[in-house]
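Take a look at the structure below.
The values are calculated or read from the model by the stated rules, or taken from the named source; none is laboratory data. These figures come from a predicted structure and were not determined experimentally. FYI the Cβ positions are ideal-geometry reconstructions off the backbone, even for glycines, and counts take in every protein chain you see.
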Amino acid sequence: MKIVIVGAGEVGFHIASRLALEHKDVVVVDTNAEALRRVQEGLDVQAIQGCGSSPAILEEIGLRGADILLAVTDSDETNLVACLFASLLSPTTIKLARIRGADYLQYEDALRNEPYRIDVIINPEAEAVKAVERLLKVPGAVDVGEFADGRIKLIGVRLDPDSPVAGTKLVDLHKKTGEKKILIAAIVRNERLIVPSGKDELFEGDIVYFVSEENELKAALKIFGKKAEPLKRVLLVGGGNLGLKLARALEGLSVHTKLIEKEPERCRELAQLLDKVVVLHGDGSDQGLLQEENIRDMNVVATLTGDEETNVLTSLLAKRMGAQKTVTRISRFSYFPLVSAIGLDHVVSSRLAAINTILQYVRRGKVLSAMTLKGEEAEVLEAVALETSDIVGKPIRKIPFPKGALVIAIIRQEEVIIPTGESVIQPKDQIVILSTRQGIPQVEKALMVKLEYF
Amino acid sequence: MRVSYTLHLVGILTFFLGLTMIFPLLFGLYYQDHSVGPLLKSMLVTLASGLALYLLFKGRGTQNELMTHREGMGVVAIGWTAAGLFGALPYYWGGLFPDFSNAFFESVSGFTTTGASVLTQLEGIPRGLLFWRSLTHWLGGMGIIVLSLAILPLLGIGGMQLYKAEVPGPVPDKLKPRIKDTAMVLWKVYLLFSAAETLLLMLGGVDLFEALCHTFGTMATGGFSTRNASIGAYESPYVDTVIIVFMFFAGINFALHYQFLKGHPLAFWRDPECRFFVGVVALFCLTVTVNIYGEIYETMGEALRFGGFQVMSIITTTGYATADYEMWPSLSQNILLFCMFLGASAGSTGGGMKCMRIMLLLKHSYKQLFSLIHPHAVTQVKLGGRAISDEVLHSIWGYFMLYLGLFILCSFLLAAMGVDVVTSFAAVAATIGNIGPGLGMVGPTDNYAHIPVLGKWLLILCMLLGRLEIYTVVILFVPEFWRK
């Protein structure tokens, strides 16, 4: 599979690195020699200097033979023009564009049609807002993924020292949970991801990923010692695009929300745009202001300014002053390994959200949605089991999946099955698979239709 | 630099090298000669050593870790030295030389495609060993690392670092998105040309064994022959022509061959370096032909045949000979000497400084003159319509200075060992440029056997410097490289 990526910024770089590890043919185009050098030295991809919106360059890099074009530069205009020429030069290539400008997004439907014919429009901020929303809806979780239209959730929780299941082996887990079956999909311990077997033990400090149906979520969280307190009060710091969007979403959920913004002009604007949200003018790192606004009673403090260093420090400050949970906006990927070490609960990154969305479309087979677990070491895919693929009609333990891959749920029409080794996948079932990064190509292969049926 | 990680990878390369010894072994078995024992022993020792290195240094963190620039250079430089050492075993155990120094010289000369020999008598040597000698050329020509990248999945990560350190030229091209595919494409083109040449030589009446050996010598621009008189032994205008044509092909950037085969017939013409190379070759061939016509050769045809062969052989740094150019007029000798420095194209299997570098240096020098006349002019050095960054130009100037500096230093050292002026000068030029025959006591009819032992080690270093384009080898001697 050949993939052309226009733009070698953070988004382009990270998508390229993921795809290159999966042995796909990746060509990256950018005008910036410095960014390209990083791509060329670090990744096994072809890096070409030039403007990605130039038809001559697109032709030169062999767009005609490419399966997918990802236009992910920071400039909406470049992305649009790249897609326009791609649609003229190579109509069969699937086009994904990262578009941030609200003006353009109003015409999303028009962009999907002639002459652009962009297959997928990714608005990173909207994706990030969705990610935060998901998190806020499940209190106590550090990571939340939704599958089968939200009916199944993959929840990551950090085990507290007083958690009832800390120190339990997985085979003994059912003794504590009673009737309910819980499937532990993955454990993240010391920044390393483990796809567990029955012999593995749970320790405090682990991030445990488990699968749960929507309606059993509360009970499941209780097993891990997490109280499902409903979300009532939220404080947002930073009233940029992301802050505004999140505030709007929270308004919809009727959560009591406060928003702190530094610029008086922007405050007025926000006050105009928002109805129930309390807009405050001031500095988010001002202790006095935070105290004044009862930071101690906040369920969540989200720091969303454009300056990530400020966000990190403000979140730590809020935590120190008694906020129950923090969400921090970080755009630089090199800070991610620090997150849990310095005690931040959640990180939101519009870039990471965009990457996740893009990857989900790049996957072969009938992949419906995808999510990346903490540390990018594993991915979870949701797919339809095709009649002719290798996975149907036999017990799961006989499926030739690589080490580190696990079927974590089967959805058969209305029924949700948490599988065991003996479960059999039937054609047209939706399945959710977790796999470490190394195993992804093999999983994709298993999901694909066998060749002789073509 | 993580030394253990580097040695772990060198282990893989060594093991791989051991596997390639199966080919000469097959020839040895076929001809039932005395090479079977030594080859088998060498193969087992190489395989065992490779495996030992691989297992010994297989620590944590050897997988999925990014290879740094430094480690890439380290693997290539140490890997090539190891290849030279293990490649020398068959000669040593085969009893060709009394001491290891000579065997090592012959082996490094093979891998670096220099073609400088310390063997005085080729005819009578077991054929298995002769085949190994030529095979080292072929492996070294396109590059051991490039071949491993194409075949071994283990080197995928950080492959670009290895590729950059081994492939000649200031800015290596990546023909395909993935390094494995790029390496594969290069080897396929290489294989295709080699097959064609072998076939053509066999049509001229050369037997399979000799056709293969000479193909390896030509396509890799090496120069080892199976005959004492080199290609001259055939006394056949047909064989001469085939070799001339394929030396010429081998001296052109393989990326262009690939584009040509993909259906872009104008690829050669569009490439400025290729035009320059062709122009220089044509000019020198013509000058030498006119220069030797009437003085050495009676007919124009003969003058062209021998003049063309010698020029092509030296400029592509192959080093085959059909005539003793030391008897030629001094203009011709001078041209050949200059050819030793110029070398072939970047991305070819040839050595020397490479046409592209010389072109860019000339352009840059002209730019300096131009800005003296127009002090306010904003100019860029361009090649084929693309601007060349200052960084690349600086690196080329650095390369040029190091090349000349090392050339001068090594020829002084060789002279200090008692080698005469012309010979010390030419021997260093011919080894650092990976050519083979030089002038004086190392001319086309002589060989390197009489150079003192210490001098041979110096020339071994020169050959490695030339093949790995100076930086990769010199960097090992810079203390900063080893600092944590």
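Among the candidates B:PHE309, B:PHE224, B:PHE284, B:PHE246, the residue that is among the hydrophobic types (A, V, I, L, M, F, W, C) and outside any helix (DSSP H, G or I) is uniquely B:PHE224. As for region A:313-323, it holds no residue that is touching a strand residue (DSSP E or B) at 6+ places or on another chain (Cβ under 8 Å), farther than 24 Å from A:ARG158 by Cβ and free of Cβ contacts under 8 Å to residues at least 60 places away in the same chain.
Condition check ((1) touching a residue at least 60 places away in the same chain (Cβ under 8 Å); (2) buried (at least 18 other Cβ atoms within 10 Å of the Cβ); (3) under 16 Å from A:LEU135 (Cβ atoms)) across all residues:
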{"site": "A:ASP162", "(1), (2), (3)": "yes, no, no"}
{"site": "A:ASP172", "(1), (2), (3)": "no, no, no"}
{"site": "A:LYS175", "(1), (2), (3)": "no, no, no"}
{"site": "A:VAL234", "(1), (2), (3)": "yes, yes, yes"}
{"site": "A:GLY238", "(1), (2), (3)": "yes, yes, no"}
{"site": "A:LEU242", "(1), (2), (3)": "yes, yes, yes"}
{"site": "A:LYS245", "(1), (2), (3)": "yes, yes, yes"}
{"site": "A:THR257", "(1), (2), (3)": "no, yes, yes"}
{"site": "A:LEU274", "(1), (2), (3)": "no, yes, no"}
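Just checking, does region A:80-89 include any residue being closer than 19 Å to A:THR31 by Cα, touching a Phe, Trp or Tyr at 6+ places or on another chain (Cβ under 8 Å), crowded, with 22+ Cβ neighbours inside 10 Å and modelled with pLDDT of 90 or more? Yes: region A:80-89 contains one or more residues that are closer than 19 Å to A:THR31 by Cα, touching a Phe, Trp or Tyr at 6+ places or on another chain (Cβ under 8 Å), crowded, with 22+ Cβ neighbours inside 10 Å and modelled with pLDDT of 90 or more.
Just give me the residues in region A:205-228 being within 23 Å of the chain's Cα centre (by Cα) and without any contact (Cβ under 8 Å) to a residue 12 or more places away in the chain, in sequence order. Once the filter is applied, which keeps residues that are within 23 Å of the chain's Cα centre (by Cα) and without any contact (Cβ under 8 Å) to a residue 12 or more places away in the chain, region A:205-228 yields A:ASN215, A:LYS218.
Of the numbered criteria (1) more than 14 Å from chain B (Cβ to nearest Cβ); (2) farther than 13 Å from A:ILE3 by Cα, the one A:GLU34 fails is (1).
What are the residues in region B:22-38 that are in contact with a Phe, Trp or Tyr (Cβ under 7 Å, 6 or more places away or on another chain) and over 19 Å from B:LEU208 (Cβ atoms), if any? Within region B:22-38, just B:PRO38 meets the criteria.
Which ranges mark the helices (runs of 4 or more DSSP H) fully within region A:41-122 that have 2 or more residues being within 14 Å of another protein chain (Cβ to nearest Cβ) and out of contact with any helix residue (DSSP H, G or I) (no Cβ under 9 Å at 6 or more places or on another chain)? First the steps, then the outcome.
Numbers: elements: A:55-60, A:76-89, A:102-105, A:108-112.
So the answer is A:55-60.
The residue that is surrounded by the most Cβ atoms within 10 Å (Cβ to Cβ), counting only those in region B:258-314 that are free of Cβ contacts under 8 Å to residues at least 40 places away in the same chain and of a type in the set (Gly, Ala, Ser), is B:GLY307. If only residues of region B:443-484 that are touching a helix residue (DSSP H, G or I) at 6+ places or on another chain (Cβ under 8 Å) and of a type in the set (Lys, Arg) are counted, the one that is modelled with the lowest pLDDT is B:ARG467. The residues on offer are B:ALA195, B:ALA229, B:ALA220, and the sole one that is modelled with pLDDT of 95 or more and of a type in the set (A, V, I, L, M, F, W, C) is B:ALA195. Taken over region A:170-192, the criterion of being under 23 Å from A:GLU213 (Cα atoms), in contact with an Asp or Glu (Cβ under 8 Å, 6 or more places away or on another chain) and at pLDDT below 80 is satisfied by A:LEU170, A:LYS180.
Pairing each residue of region A:1-24 that is more than 10 Å from chain B (Cβ to nearest Cβ) with any residue that is basic (Lys, Arg), provided the two are 6+ apart or on different chains, yields C-beta distances under 7 Å for A:MET1/A:LYS24; A:GLU10/A:ARG351; A:VAL11/A:ARG98; A:VAL11/A:ARG351; A:PHE13/A:ARG38.
Counting only helices (runs of 4 or more DSSP H) that sit wholly inside region B:1-116, those with at least 2 residues that are out of contact with any Gly (no Cβ under 8 Å at 6 or more places or on another chain) and either under 26 Å from A:GLN438 (Cβ atoms) or within 14 Å of chain A (Cβ to nearest Cβ) (or both) are B:69-93.
Each residue in region B:346-392 was checked for being without any contact (Cβ under 8 Å) to a residue 24 or more places away in the chain, in a loop (DSSP other than H, G, I, E, B) and within 28 Å of the chain's Cα centre (by Cα), and 1 of them qualify. Only helices (runs of 4 or more DSSP H) whose full extent lies in region A:236-329 are considered here, and the ones with at least 1 residues that are more than 25 Å from A:ALA354 (Cβ to Cβ) are A:264-273, A:287-292, A:308-320. Restricting attention to region B:365-389, the residues that are of a type in the set (S, T, N, Q) and within 14 Å of another protein chain (Cβ to nearest Cβ) total 2. Selection of region B:158-210 for residues being within 14 Å of chain A (Cβ to nearest Cβ), in a helix (DSSP H, G or I) and charged (D, E, K, R) yields B:LYS164, B:LYS180, B:ASP181. Remark: A:GLU146 matches the filter, which requires a residue to be under 16 Å from the mean Cα position of the chain (by Cα), surrounded by fewer than 21 Cβ atoms within 10 Å (Cβ to Cβ), in a strand (DSSP E or B) and charged (D, E, K, R). Taken over region B:315-335, the residue count meeting the criterion of being farther than 14 Å from B:LEU286 by Cβ, without any contact (Cβ under 8 Å) to a residue 60 or more places away in the chain and part of a helix (DSSP H, G or I) is 3.
Could you count how many residues in region A:184-215 are assigned to a strand (DSSP E or B), surrounded by fewer than 20 Cβ atoms within 10 Å (Cβ to Cβ) and of a type outside the set (D, E, K, R)?
Here is the first cut: in region A:184-215, the residues assigned to a strand (DSSP E or B) are A:184-189, A:192-194, A:201, A:207-213.
Imposing the further condition that a residue be surrounded by fewer than 20 Cβ atoms within 10 Å (Cβ to Cβ) reduces the set to A:189, A:192, A:194, A:201, A:213.
Now drop any that are not of a type outside the set (D, E, K, R), which leaves A:194.
Looking only at that region, the number is 1.
What about A:LEU359, is it at pLDDT 80 or above, buried (at least 17 other Cβ atoms within 10 Å of the Cβ) and part of a helix (DSSP H, G or I)? Taking the combined requirement at face value, the residue does not satisfy it.
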